Structures are given as structure tokens and as C-alpha cells.
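The values are calculated or read from the model by the stated rules, or taken from the named source; none is laboratory data. Keep in mind the model is a prediction, meaning the values are calculated, not measured. Cβ placement follows ideal geometry from the backbone for every residue including glycine, while neighbour counts extend to all protein chains displayed. What goes into the accessible areas is simple: the full protein's heavy atoms, side chains included, and nothing from ligands, DNA or RNA. Shrake-Rupley method; radii C 1.70, N 1.55, O 1.52, S 1.80 Å.
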Amino acid sequence: MARVLVTGSADGLGQLAARLLVDDGHDVVLHARDDRRAGDALAGTPGARGVVVGDLSSIEQTRGVAEQANSVGPFDAVIHNAAVGYREPRRIVTEDGLAHVFAVNVLAPYLLTCLITPPQRLVYLSSGMHQGGDPDVGDLQWEARRWNGAQAYSDSKLFDLILAFAVARRWPHVLSNAVEPGWVPTKMGGRSAPDDLSKAPVTQVWLATGDDPAAIVTGQYFYHRRRRSTHPAANDHTAQEKLLAACAALTDTVLPSEEGAT
């Protein structure tokens, strides 16, 4: 039995992954952005151990989520599932003055990775849209560019992949991988999404808990348990270091180093 934290698990893919984990007999902690959603999360996943609460668009609240997680951990795996989609029609600014998509999709998993006691396995949700992402960190908050929700989302999913691979390199004793769940009919994906929803949460659960040798790897990108090619920036150490430095500057929190890292 593994103890697993799943962020963004009040509904959607996070909830589906949490349910699979509970059904497999694992000890699951959920996450929701507020108390009302926390109730929804617990009701939607009977058998979960509990729920941590905090809005991941807020740096302060994200720190609170990490504190709560450490109080009920340590975890064997963390699935960084929480995200906002590509349909924001305008640039939404968070309480910290950041672009909402970047804050939730990129900065929150970075900060949680820094602050939660490192588990044995980390799984970050990316997207096939990452292939159209721009790895340039010069305008992360979309202050100089005209807002484009789809591009902001694509960028964020590329940054998630870069983060996953950076952690794999920096923390050689942690299995850190990324997943493309597919374009599935969730609240984010929309009703017309063509991929199979039942398959969408399987790979992240497999990477978080599976004993299949194919799952016991690091620095890889998967779609339905098969490795997929990535945007070249994902494996670019310079791109990785630029993203880590940018996130560290925004949060005043540096990703801890691990002995043996490169």
C-alpha cells in the first residue's frame, strides 16, 4: 500500500485517479482549493484518508497546502494533477500579480515540489499541447504579449514537462515523470473531446504505484503507458535551469539539491 497525494482531486482527472488508487487499496490524500470543494472531494472519493485545502493560484495558500501535506505525510508518491485550462479569455492576475494559468499550472507544482518532503515518485500532468509551447522565460506573466489562452496553456504544459525532467536530473533518487492524459471529456477538455476518459487516469496511477519495470523509470514522458517524444526543451539543461531560477525568484524558494545530482 502506498500513500499518495493527488492535487486537484475534487473532480475531473484528479478524482478519477484518486478513485483508482483507493480501489487498488492505497492510502490517498486529496486536495481541493477551498472548504466547499474539500467536501465535494471527500464525497466523490469514498475511502480517501483526508483532504488538504488551499488555492494553488496563491503562493501563500500553496505553502499552506505543503504544510498540511507534510503533517499527514510522508508520501510515497505525489501526482501533480491540478491545472486550469486553455479557455481563459483574458489575462487573469492572481493576488501575487502573476498570470493565473502560470501560477496554478507551473508555479504551484514547483513550490509544492520544493516544500513537500520528497516522495519516492513524482508525477506531473502535461499535455500534447506542450509541443506548441514556448520555453522562453522572458515573459512568463504575459505582460509584454497580447493574451492568448491556448498559447499560455501550451507554455505551461511545456514548463511542467521541463520541471519534471529537471527534478529527475536534480533528484536522482526520486522517480520523476510526466504524463499526457489525452484530450478527454472533462470540464477542462469539453464534452466533444475525442479520447477515452476511462484510460486518462491510468498512466499516472501506474507511475505512482506500479511495480512494472517499465514504470520504475525517471525523466520520461508517457501517454497510455507508452513513452512519447517531447519538445526538445524538456531535456535541455539550460531551459531547465532557467525555469527553476525564475520560479525560485518568484517564490523566494530554491529547489533543494540532492547529493549525486548533475
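If you split all Cα-Cα distances of region 69-156 into 5 Å bins from zero, what percentages do you get per bin, shortest first?
3, 13, 23, 22, 16, 11, 8, 3, 0
Using the membrane-span-like helix rule (whole DSSP H runs, Cα extent along the own axis of at least 27 Å, mean Kyte-Doolittle hydropathy at least -0.5), which helices of the chain qualify?
Helices meeting the criterion: 149-170.
Within a Cβ distance under 15 Å of PRO213, other residues only, what is the Lys/Arg minus Asp/Glu net charge?
+2
Based on the Cβ-Cβ distance of ARG225 and MET1, what FRET efficiency does E = 1/(1 + (r/R0)^6) give at R0 = 30 Å, to the nearest 0.05? Write out the running numbers ahead of the final one.
Values: r = 22 Å, r/R0 = 0.72.
Efficiency, from the Cβ-Cβ distance: 0.90.
Please figure out what share of the DSSP beta bridges in the chain is antiparallel and state it in percent, rounded to the nearest 5.
So the antiparallel bridges in the chain amount to around 10 percent.
Taking H as built 1.01 Å from N, whose amide H comes closer than 5 Å to the amide H of VAL84, not counting residues under 5 places away?
ASN105
Divide, for region 34-87, the radius of gyration over alpha carbons by 2.2 N^0.38 Å, where N is the residue count.
Against the empirical 2.2 N^0.38 Å value, I get 1.20 for region 34-87.
If N is the number of residues in region 13-53, what value comes out of its Cα radius of gyration divided by 2.2 N^0.38 Å? Could you put the intermediate results ahead of the total?
Numbers: Rg = 9.2 Å, N = 41, 2.2 N^0.38 = 9.0 Å.
Relative to the rule-of-thumb radius for its length, region 13-53 sits at 1.01.
Using amide H atoms built 1.01 Å from N in the peptide plane, name the residues 5+ places from VAL52, or on other chains, whose amide H lies under 5 Å from its own.
LEU30, HIS31, ALA32
Can you tally the net charge around ASP139? Count Lys and Arg as +1, Asp and Glu as -1, for every other residue whose Cβ sits under 10 Å from the Cβ of ASP139.
-3
In Å and on Cα atoms, what radius of gyration and Dmax does the chain show?
16.6, 49
Round to a whole number: what % of the accessible area of region 1-110 belongs to carbon and sulfur, probe 1.4 Å?
The value for region 1-110 is 48 percent carbon and sulfur by accessible area.
For region 1-157, what are the per-bin percents of Cα-Cα distances with bins 5 Å wide, up to the bin holding the maximum?
All Cα pairs, binned at 5 Å, distribute as 2, 10, 19, 22, 19, 14, 9, 5, 1, 0 percent.
Going by average Cβ density within 10 Å per residue, which order do the peptides 175-181, 163-169, 84-90 take, highest to lowest?
175-181, 163-169, 84-90
Could you give me the percent of Cα pairs per 10 Å distance bin for region 128-176, shortest bin first, beginning at zero and ending with the bin that holds the maximum distance?
Calculated over all Cα pairs of region 128-176, the distribution is 27, 44, 23, 7, 0 percent.
Quick check: the distance between the Cα centres of region 32-64 and region 118-186, to the nearest angstrom?
Between the Cα centres of region 32-64 and region 118-186 lies a distance of 22 Å.
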